[in-house]
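Some notes on the structure that comes next.
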Amino acid sequence: MKTEAQSPFDRLLEKALEENVALSLPEIARLLRAAEGEEETKLFQSAYQMKTRHVGRVVRLRGIVELGNVCSKDCFYCGIRRSNAKMHRYTMSEEEIVETALLGELFHYGSVVLQGGERSDAAFVDLIEGALQKIRNRSEGRLGITLSLGEQTPETYRRWFAAGAHRYLLRIESSSPELYARIHPSDHSYAKRRRALDDIRAAGFQVGTGVMSCLPGQTIEDLARDIAFFRDLDCDMIGMGPYIPHRDTPLGQLAESNLLTDSERLSAGLRMIAVTRLVLRDVNIASTTALQALAPDGRERGLLAGGNVVMPNLSAVSHRGDYLLYQNKPGTDENAGESRQALLASVERIGECIEPDAWGDSPHFGRRKGRQ
Ligand code: 5AD
């Protein structure tokens, strides 16, 4: 029988696949540095093995409602930042939010995400609270509801939880306070964002966070620490993607922001998913739209590298062109039904299945609740 000598990288992957090991920061960084070709392929295969073991070959769906692009934040990388005067601003009415979310039930997605620019004025807090109550009542509690609406007060989190939402996504963007400070204006605070994650959990939500890769000045060590940050936070869900420049933003105009090719960005995004799967194991990890912006099959590749959640867009075509966080965002000309068809085709292509009408909580959440 032919036996191939095992490389140190192979041994590291084997170690990562053992139960009850906690990889060190240098080990996490080494995995992220997988050489193009064989090492990278083996990394993705190992992550897929871990995914199969802990969350199965089932794609979890969350229909996204992009409910508004008015934003009080001015993040240097984001197309809907408040200083981008070129952006046409919109906010859906309560009725439109509710009707769009309920399409998610019609499509058997099981779960929806209400996402939008960050606003904390009283009218907005009331709008979301009212919409949540109606979605919960009209779907008779069958539709899972995630919020992705930025930093809010503990009181607002509690109100929105009481109104029917049960998961909250707030990306830390980078767990390095220095890098965070470089990509945000001085009125944004890393400490405040970090505290918001604790407030979200205290309000009762399942907590999701994430980061961008490929940020100018970001190192592999920064990304390794991001993954350790997710582990320390004991979070239930992760949404990450490579940074993609947007020309009408300060970061997008910096030459050093534009150095990487699409395929380099895609590879970085896939490695982050794979290593996060190996380290966090039983959480839900999104294969995000940013991957699809970089390659037509980016979303499938994210699932094959360890992701298990896809977020098809439910918003009307009339709003899609206005919700451009980055350039070349895909799906801006398709309606919700077409997004659904494209998604089902992706899932089928990679031989996975969906579980219709399921909330699809991560097994990690069930275990964490069991420990409490
Ligand atoms: N490229 C990639 N992701 C971006 N986001 C915002 N702007 C960009 C960009 N230019 C991400 C941020 C934010 C999420 C809603 O979108 O991580 O949390």
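A few comments on the model shown:
- Residue list for the stretch 210-234, filter: more than 11 Å from the ligand (Cβ to nearest atom) and part of a loop (DSSP other than H, G, I, E, B): 216, 217, 218, 219, 234
- Residue list for the stretch 163-182, filter: open to solvent by less than 20 Å² (accessible area, probe 1.4 Å), hydrophobic (A, V, I, L, M, F, W, C) and under 22 Å from residue 25 (Cβ atoms): 172, 179
- Residue check, residue 274 surrounded by fewer than 19 Cβ atoms within 10 Å (Cβ to Cβ) and away from the ligand (no atom under 14 Å from the Cβ): no
- When each of 116, 68, 110 is tested for being of a type outside the set (A, V, I, L, M, F, W, C), under 30 Å from residue 356 (Cα atoms) and in contact with a Pro (Cβ under 8 Å, 6 or more places away or on another chain), the lone residue that passes is 110.
- Within the stretch 338-359, tally of residues that are touching a residue at least 60 places away in the same chain (Cβ under 8 Å) and of a type in the set (Gly, Ala, Ser): 2
- Hits in the stretch 90-112 - residues which are open to solvent by less than 60 Å² (accessible area, probe 1.4 Å) and among the hydrophobic types (A, V, I, L, M, F, W, C): 92, 97, 98, 101, 102, 103, 107, 112
- Pair list, Cβ under 8 Å, 6 or more apart: the stretch 80-91 residue under 14 Å from residue 246 (Cα atoms), other residue within 16 Å of the ligand (Cβ to nearest atom) and at pLDDT below 95: 80/87; 80/323; 80/324; 80/325; 87/322; 87/324
- The stretch 239-250 residues that are farther than 21 Å from residue 275 by Cα, paired with ones that are among the polar types (S, T, N, Q) and more than 7 Å from the ligand (Cβ to nearest atom) (beta carbon under 6 Å, 6 or more apart): 245/257; 245/258; 246/327; 248/84
- Residue match in the stretch 216-234 (condition: open to solvent by less than 20 Å² (accessible area, probe 1.4 Å), among the polar types (S, T, N, Q) and modelled with pLDDT of 95 or more): no
- The stretch 154-177, residues that are within 16 Å of the ligand (Cβ to nearest atom) and polar (S, T, N, Q): 174, 175, 176
- The condition of being touching a Cys at 6+ places or on another chain (Cβ under 9 Å) and among the β-branched types (Val, Ile, Thr) holds for only one of 347, 310, that being 347.
- Within the stretch 235-271, the residues that satisfy the criterion of being more than 13 Å from the ligand (Cβ to nearest atom), assigned to a helix (DSSP H, G or I) and either polar (S, T, N, Q) or at pLDDT 95 or above (or both) are 263, 264, 267, 270, 271.
The values are calculated or read from the model by the stated rules, or taken from the named source; none is laboratory data. Quick caveat, the model's predicted, so the values are computed rather than measured. Cβ: placed from backbone, ideal geometry, glycine included. Neighbour counts: every protein chain shown. Please note that ligands, DNA and RNA were not included when accessible areas were found on the heavy atoms of the full protein model with its side chains. Shrake-Rupley method; radii C 1.70, N 1.55, O 1.52, S 1.80 Å.
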